[in-house]
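Asker: Handing you this structure, nothing more for now.
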Amino acid sequence: MNRILAGIIFSLFISTGYVSFLVHERQQELQKLTHYTDSWSAAQLVSEYYRFESWLSLYTIDDTMPFDEVRMRLDIMLSQSDLMKEGDLGHYIEKNNAYSELAAKLAQTLEYLDLNLDKMNRSEIQDYLKIMHALDAPLSRLSSGALDKDISSINNANLKIQTLYYIYSATSVLLIILSAILGVLIFYQNRNILQAHRQVKSLAEELQSSKEQLQIQNSKLEYDVYHDSLTEMNNRQFFWENLNSTIEIAEENNHAVTVMLFDLDRFKEVNDTFGHDVGDMLLRQISNRLISMGLTSDTLYRLGGDEFAFLSTGLTENRAVSRAQKICDAINHPYTIHNTVINITTCVGIVISETERRSDYLYKFADLALYEAKKEGPGKIKVFRQHMLDKLQESRTLERDMAMAIENKEFVVYYQPIVDSFSREIYSYEALIRWIHPRKGLLSPDSFIPVAEKTGMINEMGKSVLEMACQEAASWAVPIKISVNVSPLQLSCKAFAGTVLSILKDAGLPAERLELEVTESSLFTENSTPLNTLNKLREWGVKISIDDFGTGYSSLSRLSKLAFDKIKIDKSFVNSVSTQEDALNIIRLITGMAKSLNMKAVAEGVETEDQLESLQALGCDLAQGYLFGKPQPCVEDKIRYGLIHSHKRTHTGGA
């Protein structure tokens, strides 16, 4: 009997000690959660700023250092500066006027560099570094201030936890003392043995319950770390960890690694049309479908936004494409949310590799395949091929060559005549950019304009073309017009109208002789800047022409927003005007609409006499194409030196 009582008392000591151990462990876990705080964010920001200053300083003194490295550091700094606008660090800065002013100065400094770094020479960068150095001390104070704040918060939290630990420990000691007293009393009062046994049993159950609750909380914490809170799917962190483990397993078994990236088509339209709540519900329904497919739980992931991923090993290309198609079919089935039917599709990029074992490269290859799939249209599946990587590298090489071409003035202007459809007299010349590449020779705009628009170099390039075209036209003795194409990015710049006026003034060219050709897509957007810019230019006398009409989403209500001077009929209609009735009817409709709106109609791509005769019969005012002349690096001498007579004709619409 005494041995049983001694065993019960010993169990009480062990149990209370275990409770104290749990509290201590809880304190350690809470301390881990305080690592990612304001001080870390501020220190990271300041560190990146100093690093950027160092790179910038090094660039000014080292002529061999590539500009792309500096630009990359600027992009990193721009992303880091967002930390000062959001989260706990953002709130901390908002409460301090000095730090708010510092954040504004830093944002202004980085924004200026983002806009002007490409144009600044090393001397200008050195001068600007003096302005940047003035921010060093305030940034250091911000970092130290955030650190002091975090240390204070951590100390307070630790003090509270330590107090709780002392209280709980004292309670445990008291419980031990009471248990000892209870044991002594039991020795003298056998009638209380049963009651003591029940108390011990109850205490053990409570301890077991506490243990189970702690286990549940730990499991939930681990689950939250590796799962997406919206869809309950595996998240990006789980994806990268499993990708590395999948690569290791595949390497041991000599299997191929398969990475698939899924991106929903036009998901932004769902959010914009129905709201983000509906978008979230759609993502949850998609995740439910994917999970219900019966694939293993560690293969499907939501990486964020509308991007999903799939991992596997040992799949052939045919099996991988088949698996991707099944997943697409599951996603593509219509959804019903709030009595609204929503159709969504997805594009897929796949990489299957038996040799590549670098996780970041596999992700990059799958992303390249996904990019190619998105380019082809909704619902496409693409498997990575080497030419995709070659194309990317070629594009980057082209970007570097293009930057040098602008500096070395390798871009030239060719001129193609636009003539009166009936008299064949030259009405104007269209300025067309060409690139005299040092290795590839003469390049057409189709090979480099998309890259120029993507990189923003189109602004400098377009300005250069406009300057050369206006200077050339100003030298002509016959005052005919010059037409210049304008990019949507140029029109989106509020300073574009002033740039045009300055170029006209420097060249000595009257505004009435300049025609700017714009596309439909550059005008009819939510941004009002392009229309405002063109309206201002028309007030100054510049003529405006809408290019490639009929290939976009034009409407009479849209056309009425800006009184165009010309409508250019796309060559896809002109090519078949003499052979297809549909093309003939479309051109008849466009020319009739142009006349009703007091505009001229210009047919592009005229190559045969039959096409010209059909256009004349339809009343098309002007024509352009190889039938009248190919683009040439200079205009005819008779135009330049005034060896022909300029006949004024009356046309429908302003000249």
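The values are calculated or read from the model by the stated rules, or taken from the named source; none is laboratory data. Since we're looking at a predicted model, the values are computed, not measured. Reconstructed Cβ throughout: ideal geometry from the backbone, glycine too, with neighbour counts over all protein chains shown.
Asker: Let me confirm something: among 234, 218, 244, which residue is exposed (fewer than 14 other Cβ atoms within 10 Å of the Cβ), closer than 16 Å to residue 309 by Cβ and not small (Gly, Ala, Ser)? Can you show your working first?
Answerer: Working: 234 fails: exposed (fewer than 14 other Cβ atoms within 10 Å of the Cβ); 218 fails: closer than 16 Å to residue 309 by Cβ.
Only one candidate passes the filter, namely 244.
Asker: Can you list residue pairs whose Cβ atoms sit under 6 Å apart, with the first residue in the stretch 369-390 being within 19 Å of residue 323 (Cα to Cα) and the second being hydroxyl-bearing (Ser, Thr, Tyr)? Count only pairs 6 or more apart in sequence or on different chains.
Answerer: Sorted first by the residue in the stretch 369-390, then by its partner, the pairs are 378/345; 379/345.
Asker: If we scan the stretch 141-155, do we find a residue that is loosely packed, with under 12 Cβ neighbours inside 10 Å, at pLDDT 75 or above, hydrophobic (A, V, I, L, M, F, W, C) and under 36 Å from the mean Cα position of the chain (by Cα)?
Answerer: Scanning the stretch 141-155 turns up no residue that is loosely packed, with under 12 Cβ neighbours inside 10 Å, at pLDDT 75 or above, hydrophobic (A, V, I, L, M, F, W, C) and under 36 Å from the mean Cα position of the chain (by Cα).
Asker: Let me spell it out: the conditions are (1) farther than 19 Å from residue 42 by Cβ; (2) surrounded by 15 or more Cβ atoms within 10 Å (Cβ to Cβ), and residue 132 meets all of them except one. Which number is the exception?
Answerer: Unmet condition: (1).
Asker: Scan the stretch 377-391 for residues that are closer than 15 Å to residue 261 by Cβ and assigned to a helix (DSSP H, G or I) and jot them down. Quick ask: steps written out before the conclusion?
Answerer: Restricting attention to the stretch 377-391, the residues satisfying the condition of being closer than 15 Å to residue 261 by Cβ are 379-384, 388.
Matches in the stretch 377-391: 388 only.
Asker: Being at pLDDT 90 or above and either closer than 26 Å to residue 516 by Cβ or buried (at least 20 other Cβ atoms within 10 Å of the Cβ) (or both) narrows it down to one of 448, 384, so name that one.
Answerer: Details: 448 fails: at pLDDT 90 or above.
Only one candidate qualifies: 384.
Asker: Select from the stretch 270-321 the residues that are surrounded by fewer than 19 Cβ atoms within 10 Å (Cβ to Cβ), part of a strand (DSSP E or B) and aliphatic (A, V, I, L, M) and list them in ascending order.
Answerer: none
Asker: Being part of a strand (DSSP E or B) and under 25 Å from the mean Cα position of the chain (by Cα): is that true of residue 261 here? Give the derivation first.
Answerer: Values: part of a strand (DSSP E or B): yes; under 25 Å from the mean Cα position of the chain (by Cα): yes.
Judged against the criteria, residue 261 is a match.
Asker: For the structure I just gave you, tell me whether residue 420 is loosely packed, with under 15 Cβ neighbours inside 10 Å and of a type in the set (Asp, Glu).
Answerer: Details: loosely packed, with under 15 Cβ neighbours inside 10 Å: no; of a type in the set (Asp, Glu): yes.
In short, no.
Asker: Is it the case that residue 209 is modelled with pLDDT under 85, small (Gly, Ala, Ser), loosely packed, with under 13 Cβ neighbours inside 10 Å and over 53 Å from the mean Cα position of the chain (by Cα)? Steps first, answer last, please.
Answerer: On the way: modelled with pLDDT under 85: yes; small (Gly, Ala, Ser): yes; loosely packed, with under 13 Cβ neighbours inside 10 Å: yes; over 53 Å from the mean Cα position of the chain (by Cα): no.
No: the conditions fail for residue 209.
Asker: So, one more: Suppose we keep only residues that are among the polar types (S, T, N, Q) and in a helix (DSSP H, G or I) within the stretch 563-610. Which one would you say is surrounded by the most Cβ atoms within 10 Å (Cβ to Cβ)? Steps first, answer last, please.
Answerer: Taking the stretch 563-610 first, the residues among the polar types (S, T, N, Q) are 572, 575-576, 578-580, 585, 591, 596, 598, 608.
If we keep only those that are in a helix (DSSP H, G or I) too, we end up with 572, 585, 591, 596.
Details: 572: 14, 585: 13, 591: 22, 596: 10.
Top of the filtered list is 591.
Asker: Could you tell me whether any residue of the stretch 347-365 is part of a helix (DSSP H, G or I), in contact (Cβ under 8 Å) with a residue 60 or more places away in the chain and either of a type in the set (A, V, I, L, M, F, W, C) or closer than 30 Å to residue 617 by Cβ (or both)?
Answerer: Filtering the stretch 347-365 down to residues part of a helix (DSSP H, G or I) leaves 359-365.
Filter once more, keeping what is in contact (Cβ under 8 Å) with a residue 60 or more places away in the chain: 359, 362-363, 365.
After this cut, where a residue has to be either of a type in the set (A, V, I, L, M, F, W, C) or closer than 30 Å to residue 617 by Cβ (or both) as well, the list is 362, 365.
Yes, that holds for at least one residue.
Asker: Then there is this: Got at least one residue in the stretch 611-624 being at positive phi, at pLDDT 85 or above and surrounded by 15 or more Cβ atoms within 10 Å (Cβ to Cβ)?
Answerer: Taking the stretch 611-624 and keeping what is at positive phi, we get 619.
From the residues that got through so far, the ones that are at pLDDT 85 or above too are 619.
Pick out the ones that are also surrounded by 15 or more Cβ atoms within 10 Å (Cβ to Cβ) and you get 619.
Yes, the stretch 611-624 contains a residue that is at positive phi, at pLDDT 85 or above and surrounded by 15 or more Cβ atoms within 10 Å (Cβ to Cβ).
Asker: Yes or no: residue 289 of a type in the set (D, E, K, R) and under 13 Å from residue 311 (Cβ atoms)? Full working, then the answer.
Answerer: Numbers: of a type in the set (D, E, K, R): yes; under 13 Å from residue 311 (Cβ atoms): no.
No.
Asker: Another one. Go through the residues of the stretch 496-511 one by one and say whether even a single one is over 40 Å from the mean Cα position of the chain (by Cα), surrounded by 15 or more Cβ atoms within 10 Å (Cβ to Cβ) and among the small types (Gly, Ala, Ser). Working first, answer last.
Answerer: Residues of the stretch 496-511 that are over 40 Å from the mean Cα position of the chain (by Cα), as a first pass: 508-510.
Checking which are surrounded by 15 or more Cβ atoms within 10 Å (Cβ to Cβ) leaves us with 509.
From the residues that got through so far, the ones that are among the small types (Gly, Ala, Ser) too are none.
No: the stretch 496-511 contains no residue that is over 40 Å from the mean Cα position of the chain (by Cα), surrounded by 15 or more Cβ atoms within 10 Å (Cβ to Cβ) and among the small types (Gly, Ala, Ser).
Asker: Here's a follow-up. For the stretch 392-416, enumerate the residues that are in a helix (DSSP H, G or I) and either touching a residue at least 12 places away in the same chain (Cβ under 8 Å) or of a type in the set (Ser, Thr, Tyr) (or both). Show your work before the answer.
Answerer: Just the residues of the stretch 392-416 that are in a helix (DSSP H, G or I), to begin with: 392-408.
Matches in the stretch 392-416: 392, 395, 397, 398, 399, 400, 401, 402, 403, 405, 406.
Asker: Turning to a different aspect of this structure: Failed condition for residue 411, given (1) buried (at least 20 other Cβ atoms within 10 Å of the Cβ); (2) aromatic (Phe, Trp, Tyr); (3) under 26 Å from the mean Cα position of the chain (by Cα), with all others met?
Answerer: Result: residue 411 fails condition (3) only.
Asker: So which residues in the stretch 625-655 are at pLDDT 75 or above and aliphatic (A, V, I, L, M)?
Answerer: First, the residues of the stretch 625-655 that are at pLDDT 75 or above: 625-635, 639.
Those that are at pLDDT 75 or above and aliphatic (A, V, I, L, M): 627, 635, 639.
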